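Single-structure report; data block below.
The values are calculated or read from the model by the stated rules, or taken from the named source; none is laboratory data. Owing to the predicted nature of the structure, the values given are computational and were not obtained by experimental measurement. All Cβ positions, glycine included, derive from the backbone under ideal geometry; neighbour counts span all protein chains shown.
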Amino acid sequence: MTKGNLFAALRAAFPADLDQVAIETADPGRPLYYTWRDLERGSAMLANLLASLRLPAHSRVAVQVEKSVEALMLYLAVLRAGHVYLPLNNAYQAAEIEYFIGNAEPAVVVCSSRNFGWISKLAFKAGTRNVFTLDDDRSGSLLERAACHGDQHHPVRRGSDDLAAILYTSGTTGRSKGAMLTHGNLLSNALVLKDYWGWRTPEQGGDVLVHALPIFHVHGLFVASHGALLNGSKMIWFSRFDPKAVIARLPEATVFMGVPTLYVRILAESALTPAACASMRLFISGSAPLLLETFNDWKTRSGHTILERYGMSETIMLTSNPYRPESARRGGTVGMPLPGVGLRVNDDKGEPVATDEIGGIQVKGPNVFKGYWRMPEKTADEFTPDLWFKTGDVGRVDADGYVTIVGRSKDLIISGGYNVYPAEIEGYLNDMPGVAESAVIGVPHADFGEAVVAVVVARPGAAPDGPALTAALKAQIANFKVPKALFVVPELPRNAMGKVQKNLLREQHQGLFKA
């Protein structure tokens with residue numbers, strides 16, 4: 001089952017009764033109901049449209065549109081047509097889109113109607129011949145053209161090593177890199193998660209997924225969507241996250257996947273109670289670190305323990321806390337390596353570190369990507385001589401095999417010759433009265449090379465005092481780790497998946513200690 005076209009495997013998992021509801025939209029107004037037959041026919045018509053364009057084999061199809069069921073159908077159509085899907089974050093602006101189109105050279109670009117004017121100019125200038133529009137109200141030239149094509153399509157034969165998608169990384173340390181994911185990468189990981197997270201068959205009562213994530217990213221497009229499709233499970237589909245509306249639909253669902261920011265926003269709602277979550281089987285968090293406070297508050301308010309996991313654009317999912325027993329899930333950790341995934345922690349010299357010692361995380365397995373698009377030298381740099389992928393994450397593994405992520409290697413601060421790990425200091429700050437969250441960065445300093453700087457967000461109604469926080473830190477950690485400056489701000493800059501953008505904080509404060 002892991003040998004061919006990913007779409008064929010997903011399609012094989014559809015229920016025998018194709019007239020069952022596969023996706024129900026949850027937006028205000030009249031809900032829409034899409035059956036499994038609708039997914040089959042819609043993706044076939046779109047695949048036939050792609051075939052009519054007589055594209056070269058393995059062409060890239062770049063997509064920057066609002067979340068919709070039709071956008072999911074387009075993804076399935078690209079897979080079944082044997083081409084390569086290139087999802088682009090809705091927040092990307094002209095310079096970024098120009099780079100992605102120039103780098104990937106897509107044969108097809110699909111965008112929102114409101115962006116057609118400027119995106120089509122960039123695409124045509126780069127040599128792309130086909131630009132379509134797709135909006136979240138089931139309109140656009142893509143659907144108009146697809147309506148002229150038949151609703152039967154045989155999936156194009158593809159091998160496990162053929163490209164299925166290219167995901168561009170955030171590019172916080174330079175130009176974004178296109179991670180090349182194969183049909184085998186995606187399918188192998190989806191099959192492992194189906195078993196590891198206990199997705200229930202109809203005979204076991206079935207599962208219903210609340211899908212409230214964007215679909216231009218690993219979490220929403222691959223982990224969530226593949227999970228439901230590969231299990232033949234219904235999705236309750238939110239085009240935009242609304243905490244009140246999500247809570248209202250939990251009694252009809254069994255699985256929810258979110259980033260930490262979504263859990264924090266749901267916790268702010270009084271409607272979150274154990275009764276509201278009574279039918280739920282599993283809450284999963286990822287894409288950014290989950291604060292221990294959020295982990296504990298969710299347990300108290302919902303009666304459920306969040307399962308935190310760890311993955312990357314280049315690898316899909318790597319580790320997960322246990323599904324059962326629920327009591328084995330440990331806050332502050334991302335669990336253990338998934339079946340088939342190798343994970344090791346090495347020092348700067350490439351030697352294994354001892355248990356609970358901090359080092360660089362390296363991984364290996366069928367889920368690990370093929371390399372970076374058109375960057376052979378960068379690809380070679382990111383793999384060890386024995387072909388383990390260097391994730392760039394820093395962490396440790398305890399005696400029980402649980403992995404804790406300490407931070408990114410690029411976030412490591414070297415101050416006065418000492419290594420400072422931001423996550424350690426953030427942990428102390430986040431436990432202090434009045435602090436909601438924090439981010440610790442390193443900025444240039446004439447004497448120390450880098451100086452530690454902390455940026456803190458206050459809890460609602462609180463007014464933490466910077467000098468008092470610094471004094472409290474001095475009593476708990478070595479002096480070289482104590483921030484030389486601490487700022488209290490309304491909020492931290494984040495990307496669409498909730499990750500703090502420390503590069504922006506570094507840019508903001510880089511001149512702080514210049515003479």
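Which residue is surrounded by the most Cβ atoms within 10 Å (Cβ to Cβ), if the candidates are limited to region 99-123 and must be in a helix (DSSP H, G or I), of a type outside the set (A, V, I, L, M, F, W, C) and within 23 Å of the chain's Cα centre (by Cα)? Taking the candidates together, the pick is Asn103. Selection over region 434-456 of residues that are under 21 Å from Lys514 (Cα atoms) and not hydrophobic (A, V, I, L, M, F, W, C) gives a count of 6.
Residues of region 426-444 include at least one that is assigned to a loop (DSSP other than H, G, I, E, B) and within 30 Å of Gly311 (Cβ to Cβ). Selection over region 416-474 of residues that are of a type in the set (A, V, I, L, M) and in contact with a helix residue (DSSP H, G or I) (Cβ under 7 Å, 6 or more places away or on another chain) gives a count of 16. Here Ile266 passes the criteria (1) surrounded by fewer than 18 Cβ atoms within 10 Å (Cβ to Cβ); (2) without any contact (Cβ under 8 Å) to a residue 24 or more places away in the chain; (3) not aromatic (Phe, Trp, Tyr) except the one numbered (1).
The residue list Thr300, Thr319 contains one member that is of a type in the set (S, T, N, Q) and either in a strand (DSSP E or B) or surrounded by 16 or more Cβ atoms within 10 Å (Cβ to Cβ) (or both), which is Thr319. Are any of the residues in region 367-377 more than 22 Å from Lys349 (Cβ to Cβ), modelled with pLDDT of 95 or more, touching a strand residue (DSSP E or B) at 6+ places or on another chain (Cβ under 7 Å) and in a strand (DSSP E or B)? Yes; the residues of region 367-377 include at least one that is more than 22 Å from Lys349 (Cβ to Cβ), modelled with pLDDT of 95 or more, touching a strand residue (DSSP E or B) at 6+ places or on another chain (Cβ under 7 Å) and in a strand (DSSP E or B). For region 228-245: of the residues being aliphatic (A, V, I, L, M) and touching a residue at least 60 places away in the same chain (Cβ under 8 Å), which is farthest from Val210 (Cα to Cα)? Among them, the one singled out is Leu230.
Only residues that are at pLDDT below 90 and either surrounded by 17 or more Cβ atoms within 10 Å (Cβ to Cβ) or within 22 Å of Pro251 (Cβ to Cβ) (or both) were counted in region 279-292, giving 4. Quick one: would you say Val334 is farther than 30 Å from Gly159 by Cβ and either among the hydroxyl-bearing types (Ser, Thr, Tyr) or not in a loop (DSSP other than H, G, I, E, B) (or both)? Answer is no for this residue. Kindly list, by first and then second residue, each pair from a residue in region 472-497 that is surrounded by fewer than 14 Cβ atoms within 10 Å (Cβ to Cβ) to a residue that is part of a loop (DSSP other than H, G, I, E, B) and aliphatic (A, V, I, L, M), limited to pairs with Cβ atoms under 7 Å and residues at least 6 apart or on different chains. Listed by first residue and then by second, the contacts come to Lys474/Val482.
Quick grid of which residues meet (1) out of contact with any Pro (no Cβ under 9 Å at 6 or more places or on another chain); (2) polar (S, T, N, Q); (3) buried (at least 23 other Cβ atoms within 10 Å of the Cβ):
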{"site": "Gly198", "(1), (2), (3)": "yes, no, no"}
{"site": "His211", "(1), (2), (3)": "yes, no, yes"}
{"site": "His217", "(1), (2), (3)": "no, no, no"}
{"site": "Ala248", "(1), (2), (3)": "yes, no, no"}
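Checking each residue in region 266-283 for being touching a Pro at 6+ places or on another chain (Cβ under 6 Å) and in a loop (DSSP other than H, G, I, E, B) picks out Glu269, Ser279. Among the candidates Pro366, Pro337, Pro385, the residue that is over 27 Å from Val440 (Cα atoms) and free of Cβ contacts under 8 Å to residues at least 12 places away in the same chain is uniquely Pro385.
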